[in-house]
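Read the structure below first, then the notes.
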Amino acid sequence: MDYYGNQVLLVAGSGGSEQCFTEKSPEAKDVPIKMVDLTSAFLILGIGLSLSILCFLLELIVSKYKRESMKMRKDLVKVLKKDRSGNAKEKNQAEIIFFW
């Protein structure tokens, strides 16, 4: 066995673990948990939930903006490619807008 396994057996065999869990100090009492004791846990839970909802909504907004922006760029490129008689300046502007 390894070193830690031997140490566990040593503690378990000596009854040390039972002594740690069964002894109670005279002032220790079993007290029910109150809502005040859980306030910080619920506060952290609420903050985490709020941040996750905020991130989700921001992700929806950004993806919608990118989708519409990409659609507009593709439409602009289609229009400029159809007009082959247009000058080179317009085509360069379309390429700049598309790769932006």
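From the list 34, 71, 81, 64, pick out the single residue that is without any contact (Cβ under 8 Å) to a residue 24 or more places away in the chain, exposed (fewer than 10 other Cβ atoms within 10 Å of the Cβ) and either touching a helix residue (DSSP H, G or I) at 6+ places or on another chain (Cβ under 9 Å) or not aliphatic (A, V, I, L, M) (or both).
34
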- Any hit, segment 17-35, residues being among the hydrophobic types (A, V, I, L, M, F, W, C), out of contact with any strand residue (DSSP E or B) (no Cβ under 7 Å at 6 or more places or on another chain) and at pLDDT 85 or above: yes
- Message: Which pairs turn up if I take residues in segment 38-61 that are without any contact (Cβ under 8 Å) to a residue 24 or more places away in the chain and look for partners that are loosely packed, with under 10 Cβ neighbours inside 10 Å and hydrophobic (A, V, I, L, M, F, W, C) with beta carbon separation below 8 Å, at least 6 apart in sequence or on another chain?
- Response: none
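The values are calculated or read from the model by the stated rules, or taken from the named source; none is laboratory data. The shown structure was predicted, so the numbers you read here are calculated from the model rather than taken from an experiment. Cβ: placed from backbone, ideal geometry, glycine included. Neighbour counts: every protein chain shown.
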